[in-house]
Amino acid sequence: MHNADDRLLLIEGDSSKATTVLEALKGQGQPRVEWAKGLSDGLRRLGHPGVIAILVNLFLPDSRGVETLDRVRVAAGHIPILVLCRADHGNIGSLAVAHGADDFIAQDHLDSYSLTCGVSRVLERHTKDDATAH
């Protein structure tokens, strides 16, 4: 169950991909999604409470590659991160997980089912991790 103030933060520079994600997660029992169009906007939003998970494309107008993830991770603290990557960039997704992302999803699977499952998986994993840490 999510708090009314809970938000998923989508950091995506491509407006058509962002629209796909926003539509796919609308009304799916997920928290509301906030869209940041670049890394700097996303980092600024992480300075405020309410974000419970981050969906990030590593190739943004103002940052590219694993460095994007590294900067998000530092700002995110304990917030789970789901990386969005092109299907032909599976190696980038695996590298992102090795760098601390919780999971990745191919952008050609940005449908309601795949996104809902991906977000639910990272949130459940973090809930379990938090429970065992206490």
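The values are calculated or read from the model by the stated rules, or taken from the named source; none is laboratory data. Computed from a prediction, not measured in an experiment: that's the story for all the values here. Please note: Cβ atoms are built from the backbone with ideal geometry, for glycine as well, and neighbour counts cover all protein chains shown. Ligands, DNA and RNA are excluded from the accessible area calculation, which covers all protein heavy atoms including side chains. Shrake-Rupley method; radii C 1.70, N 1.55, O 1.52, S 1.80 Å.
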Would you point out the residue of region 1-19, among those that are under 15 Å from D111 (Cβ atoms) and over 14 Å from the mean Cα position of the chain (by Cα), that is surrounded by the most Cβ atoms within 10 Å (Cβ to Cβ)? T19
Checking Q28 against (1) open to solvent by 70 Å² or more (accessible area, probe 1.4 Å); (2) out of contact with any helix residue (DSSP H, G or I) (no Cβ under 7 Å at 6 or more places or on another chain); (3) at pLDDT below 95, only one condition comes out false. Which one? (2)
Do you know which of the residues in region 60-94 that are among the hydrophobic types (A, V, I, L, M, F, W, C) and over 12 Å from the mean Cα position of the chain (by Cα) is surrounded by the most Cβ atoms within 10 Å (Cβ to Cβ)? L60
Touching a residue at least 60 places away in the same chain (Cβ under 8 Å) and at negative phi: does that describe I52? yes
Set L110, L39: member being within 15 Å of the chain's Cα centre (by Cα) and at pLDDT 90 or above: L39
